[in-house]
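Notes follow once the structure below has been shown.
The values are calculated or read from the model by the stated rules, or taken from the named source; none is laboratory data. Note that the structure is a prediction, hence the values are computed from the model and not measured. A quick note on method: Cβ atoms are made from the backbone with ideal geometry, for glycine too, and the neighbour counts reach across all protein chains shown.
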Ligand SMILES: [Fe+2]
């Protein structure tokens, strides 16, 4: 479909989406931040009177010993815990249902998630299903819960998804491999701990991939048609924090200041996901994940520079403003030069990170399916600044292959 026709078709849907976003009552979690924040969060859970907490995590974090001090802190304050460590990457409905059974058999009065985006999404849906009596599949869609979730607390172990602040959770169908979206502000946690001690164990490649996911959220939010002064402030700060700290977080794994800055950046960009949403970088990257199992952050890194260039004709002044705000361009530089300085800086960051950016897995036979699915995903859902047609996606995929 030509880009202009796609835009005209998408406009009514985007108008409705914008109206829903405006009236949706979205709260934000109380944030504990800094070294020891996770333990302070556990103390707060006890102080709030919860007595039976389901801890949702994955086997790796359990084996790394991340869970034991938190469970001990809860026990010391009289809180019983049950552990569900069955979270897997791209969690399926079966993974969520198993966690829900653990939640019910523990008669949990609160859920504590310790983990990355997959664990947080799993915990959000467990908490909503537990309080509503609905199955995870019945919660797929927008506002299907219709009542508050079980009180939810989150300790992110990665800095990228910002899922602790977003109203959405992604669950996979293990048969069709389709991603199902649960959207409900009732899943927003009561509190989250951004603790650099927790993320300090992250390998450099995961730090880089998740950090670029956060950067992509912030940049797509900056270019979004739904951007506003509030999202600009948060996304702009997130971009600054990431440009200043991501490389150091990779090369100095125990640099707690860099880790904390990345956790905050991810959180700020996560807040904005609820308003400014995402764009074509994610739409194309999701297909690379589905088609070739490319990890989400790495796929974003491969696509991001190309979509930034594609968007230039619609967003050059805004990207130039961002470049000047970040000190990447002289205040007297014209928009073209300033926007280019920003794109160059993003490219330099990508090149400096331990990222596998080769797109050698791409097959030109797959271009039509990738393009169709990416455009289907984006149009009417993502407030993109400039519309693509299939040929635009082909050009981006070809440029990735020849990069
Ligand atoms: Fe993302």
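A few comments on the model shown:
- Under the condition of being under 16 Å from residue 400 (Cα atoms) and more than 9 Å from the ligand (Cβ to nearest atom), the residues counted in the range 273-285 number 3.
- Residue in the range 297-309 that is more than 22 Å from residue 391 (Cα to Cα) and either buried (at least 24 other Cβ atoms within 10 Å of the Cβ) or in contact with a helix residue (DSSP H, G or I) (Cβ under 9 Å, 6 or more places away or on another chain) (or both) present: yes
- When residue 264 is tested against (1) away from the ligand (no atom under 16 Å from the Cβ); (2) surrounded by fewer than 24 Cβ atoms within 10 Å (Cβ to Cβ); (3) more than 15 Å from the chain's Cα centre (by Cα), only condition (3) is not met.
- Subset tally (residues that are in a helix (DSSP H, G or I), farther than 21 Å from residue 214 by Cβ and without any contact (Cβ under 8 Å) to a residue 40 or more places away in the chain) for the range 344-377: 7
- Only residues that are free of Cβ contacts under 8 Å to residues at least 60 places away in the same chain and either outside any helix (DSSP H, G or I) or in contact with a strand residue (DSSP E or B) (Cβ under 8 Å, 6 or more places away or on another chain) (or both) were counted across the range 60-78, and they come to 8.
- When residue 228 is tested against the conditions (1) surrounded by fewer than 24 Cβ atoms within 10 Å (Cβ to Cβ); (2) within 16 Å of the ligand (Cβ to nearest atom); (3) under 15 Å from residue 276 (Cα atoms), the lone failure is (2).
- Scanning the range 124-182 for residues that are in contact with a helix residue (DSSP H, G or I) (Cβ under 9 Å, 6 or more places away or on another chain), assigned to a loop (DSSP other than H, G, I, E, B) and without any contact (Cβ under 8 Å) to a residue 12 or more places away in the chain gives 134, 178.
- Per this entry, residue 123 is not counted among residues that are within 16 Å of the ligand (Cβ to nearest atom) and surrounded by 17 or more Cβ atoms within 10 Å (Cβ to Cβ).
- As a summary of the residue check, residue 380 satisfies the conditions (1) part of a loop (DSSP other than H, G, I, E, B); (2) over 30 Å from residue 20 (Cα atoms); (3) away from the ligand (no atom under 16 Å from the Cβ) except for the one numbered (2).
- Restricting 241, 219 to those that are within 25 Å of residue 40 (Cα to Cα) and surrounded by 24 or more Cβ atoms within 10 Å (Cβ to Cβ) reduces the list to 241.
- Filter result for residue 290 (surrounded by fewer than 21 Cβ atoms within 10 Å (Cβ to Cβ), in contact with a strand residue (DSSP E or B) (Cβ under 9 Å, 6 or more places away or on another chain), within 28 Å of residue 275 (Cα to Cα) and not assigned by TED's automatic domain parsing to the domain that holds residue 179): yes
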